[in-house]
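Participant: Could you have a look at this structure, given as structure tokens, before my questions?
Since every read-out is calculated from the coordinates, none of them should be taken as a lab result. The model shown is predicted, which means the values in this text are computed figures rather than measured ones. Don't worry about glycine lacking a Cβ; one is built from the backbone with ideal geometry, like all the others, and counts go over all protein chains shown.
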Amino acid sequence: MEEKIIGTEEYDDSQIQVLEGLEAVRKRPGMYIGTTSARGLHHLINEIVDNSIDEALAGECDCIRVVLNEDDSVTVEDDGRGIPDGFNEKTGLPTLEVVYTVLHAGGKFGGNGYKIAGGLHGVGASVVNALSEWLEVENHRGGKTYTERFERGHVVRPFACMGETDRHGLTVRFKPDPTIFEETVFDYETVLTRMREQAFLNGGVKIILTDKRPGKEREEVLHYEGGIVSFVEYLNGQKHVALIHNDVVYMKGEKDGTIAEVALQYNDSYNETIVSFANNMATVEGGTHETGFKSAITKAINDYGRRIGAIKENDKNLSGEDVREGITAIISVKLQDAQFESQTKAKLGNSEVRVLVDSIVSRKMEEYFEENPASARAIVEKAMAAYRAREAARKARELTRRKSVLEGSSLPGKLSDCQEKRAELTELYLVEGDSAGGSAKDGRDSRFQAILPLRGKVLNVEKSRLDKVYANQSLIPIIQSLGCGIGEEFDESKLRYGKIILMADADVDGAHIRILLLTFFFRHMRKLIENGHIFLARPPLYKIKKGKQAERYAFSDAERDAIIEELGGNVEAERYKGLGEMDPEQLWETTMDPARRTLLKVEMNDAVICDQVFSLLMGDDVEPRREFIKENAKFVENLDI
């Protein structure tokens, strides 16, 4: 029998590497900050600010300043206790240097320094140091100022006392390393959202965010005495929705040193907004505190509904989805031994927290319903309406399936499918209008590009329940083409195309269609956005030609003017009124050829911001929408809407 050679490279003892110091962080940054994209970049600020927030939790810090500097570095300053100014017994190094150069070092593993803290792994400050081009620390403690400077994690200016001061606290300045991150320019709105959360969660603490970058100068003072009650009021205010009850229901409880706070309010929308935190860390993947809340609110509403006869004896219980329709809720827990699933602290795992939150919410909601019967009945009726709509959606879904079977195919007739069957290699273009759809079909590469023309106005799902979605003739073909279902039946593994590309005209109507489609995906197939499947194509606004020279294309007025200036006189600039005016070759060259096109990936890193963006852009009230777009220009620009 022949010996099988399964590899040509020799694998021996010499290939086993031991990474020392902060080398491991630089080698595998994703293990510590999740990603080196924009989300990971902003995580650096969060890590440093979280240390200042921990000082606030300890009752030692009242004000935190965050500054985006002119050179794209960041300064974080607090008025806490600073870092102990002596030398660490175990390492013999200055304590400050240990904190910023040694993984799993810090004052949050035990003792009396911090009873509650978000930084539990002792890697935050050292990871930021490792991933920064440079980092400087000023430590104001005991009437003196101590400093140290690092470059890519290495000491370049040793620990030293710089003299006396009347200040106390810590100042950290750092600049992200461009050899690590895909981009190193911070987005003000992303930072602002995070800082606003922290100000809400720590009522009374003042956070000042300043942008000193040329042309972007602005400052925001965030200070909310109302805590998470103010947070709920803010979120509902951003959505411009009608409230089911005027007061925010607030509840708080404590057991064995663990504190849980919940604030909630119902509005007339069809969506839920539940934002949870553990030790001020946003737990975007939920955890035991969310599980306890959802269980308790579902039971409380069902129990009250049966008690008042709104839910009959033989009726099924309302589902969790039913009772959470229209809810805006903040869940914040603070505990001494928080168990997170990763360094990015996305999900809480403490089982005792579920029991505590469940108990608090059950007791408080029972009291609230008894004391506020009108509000209680309105909440139950809202949930009952959601139940009826869900049943209608189920029937509509079954009818859609039956019609597909009777018609002999589960794919819509207007879909021009591609030859390739492996989803990761395929693209589906959702194209505005039959005319543009025809050009795209003729201009595509049919081996891997599929075309689905969109007919009629896409439903505004921000204002529609699921039964309306299943009845909409513009959305049904999209659902059938993708094959992965929506809502409770969504299954990403059944997705038929790796990229879903929205291709609409480069005008106001086209922008509106993109918003409607993005809202649909955000509400009913959010995983497709989160996992990078949704893209925006960028069709040009102008075709520019001079004599016999090759045609040039411009995607904005400014680009058109620059090209005209470059070409000189006798230039013809034709404005496209729509994609349908472009012939197949032009459409291929500008928006469909993988080698030349520019696709914008849609990312939804913060569900709260996205909720505000979509609800406001889709709203009927023009003035708040204009104001929001103005305030969040960068975010809206990134979505190309």
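Participant: Just to be sure I understand the model, the point goes 7 Å from the Cα along the line to the Cβ. What's the resulting Arg455 to Arg363 distance in nm?
Facilitator: For Arg455 paired with Arg363, the spin-label model returns 6.0 nm.
Participant: Something else about it: Rounded to the nearest 20 Debye, what is the dipole magnitude of the stretch 306-400 about its Cα centre when Lys and Arg each give +1 and Asp and Glu each give -1 at the C-beta?
Facilitator: 300
Participant: Could the peptides 412-422, 205-215 be put in order, highest first, of the mean number of other beta-carbon atoms found within 10 Å of their residues?
Facilitator: Ranked by mean Cβ neighbours within 10 Å, highest first: 205-215, 412-422.
Participant: If we count every other residue with Cβ under 14 angstrom of Cys61's Cβ, Lys/Arg +1 and Asp/Glu -1, where does the sum land?
Facilitator: Residues near Cys61 contribute -3 overall.
Participant: If the limit is 28 Å between Cα atoms, which of Lys144/Lys216; Lys27/Lys334; Lys468/Lys527; Lys316/Lys364; Lys299/Lys395 go over it?
Facilitator: The answer is Lys144/Lys216; Lys27/Lys334.
Participant: Hey, how many Å between the Cα centroid of the stretch 520-565 and the Cα centroid of the stretch 218-272?
Facilitator: Each part reduced to its Cα centre gives a spacing of 39 Å.
Participant: Amide H of Gly82 versus every other amide H placed in the peptide plane: which residues, excluding those fewer than 5 positions away on the same chain, fall under 5 Å?
Facilitator: Answer set, sorted by chain and number: Gly169, Leu170.
Participant: Can you give the net charge of the other residues whose Cβ lies under 15 Å from the Cβ of Ile228, counting K and R as +1 and D and E as -1?
Facilitator: -2
Participant: Near Lys494, which aspartates and glutamates are there with a Cα under 19 Å away, not counting those fewer than 8 places off in the same chain?
Facilitator: List returned: Glu398, Asp417, Glu420, Glu424, Glu427, Glu530.
Participant: Would you work out if the stretch 121-268 is rounded, prolate or oblate? Take a ≥ b ≥ c from the square roots of the eigenvalues of the alpha-carbon gyration tensor; rounded if a/c is under 1.5, else prolate when a/b is larger than b/c, oblate otherwise.
Facilitator: prolate
Participant: Expressed as a whole number of Å, what is the distance separating the alpha-carbon centroids of the stretch 147-177 and the stretch 32-79?
Facilitator: The distance from the Cα centre of the stretch 32-79 to that of the stretch 147-177 comes to 15 Å.
Participant: Apply the Karplus curve 6.51 cos²θ - 1.76 cosθ + 1.60, θ = phi - 60°, to the phi angles in the stretch 81-86 and return the couplings in whole Hz, x for Gly and Pro.
Facilitator: 8, x, 9, x, 9, x
Participant: Classify the stretch 149-204: rounded, prolate or oblate, from the alpha-carbon gyration tensor (a ≥ b ≥ c, eigenvalue square roots; a/c under 1.5 rounded; otherwise prolate if a/b is larger than b/c)?
Facilitator: It comes out oblate by the Cα gyration axes.
Participant: Exactly which trypsin sites (Lys or Arg not before Pro) in the stretch 475-564 are in a DSSP loop and have at most 14 other Cβ atoms within 10 Å?
Facilitator: When the trypsin sites (Lys or Arg not before Pro) of the stretch 475-564 are filtered for loop state and at most 14 Cβ neighbours within 10 Å, Lys548 remain.
Participant: If you don't mind, another one. Highest first, please rank the peptides 156-167, 272-283 by the mean number of other Cβ atoms sitting within 10 Å of their residues.
Facilitator: Ranked from most to least packed, the peptides come out as 272-283, 156-167.
Participant: Mind checking which aspartates and glutamates have their Cα closer than 12 Å to the Cα of Lys548? Skip sequence neighbours fewer than 8 apart in that chain.
Facilitator: Cross-link targets: Glu572.
Participant: May I ask you to derive the relative contact order of the stretch 274-405, considering only C-alpha pairs under 8 Å and at least 6 residues apart, and to give it as an integer percent?
Facilitator: 36
Participant: Same structure again: Check cross-link reach from Lys457 to the aspartates and glutamates: straight Cα distance under 18 Å, and skip same-chain residues fewer than eight apart.
Facilitator: Leaving aside aspartates and glutamates fewer than 8 places away in the same chain, those within reach of Lys457 are Glu432, Asp434, Asp467, Asp505, Asp507, Asp509, Asp620.
Participant: Here's a follow-up. Starting from the Cα of Arg157, step 7 Å along the direction of its Cβ; do the same at Ala562; then give the gap between the two resulting points in nm.
Facilitator: So the two model labels end up 3.8 nm from each other.
Participant: So how do 594-602, 362-370 stack up, highest first, on mean other-Cβ count within 10 Å?
Facilitator: Averaged packing, sorted descending, gives the order 362-370, 594-602.
Participant: How would you classify the stretch 221-337 from its alpha-carbon gyration tensor, with a ≥ b ≥ c the square roots of the eigenvalues: rounded for a/c under 1.5, else prolate if a/b is greater than b/c, otherwise oblate?
Facilitator: Taking the square roots of the gyration eigenvalues as a ≥ b ≥ c, the stretch 221-337 is oblate.
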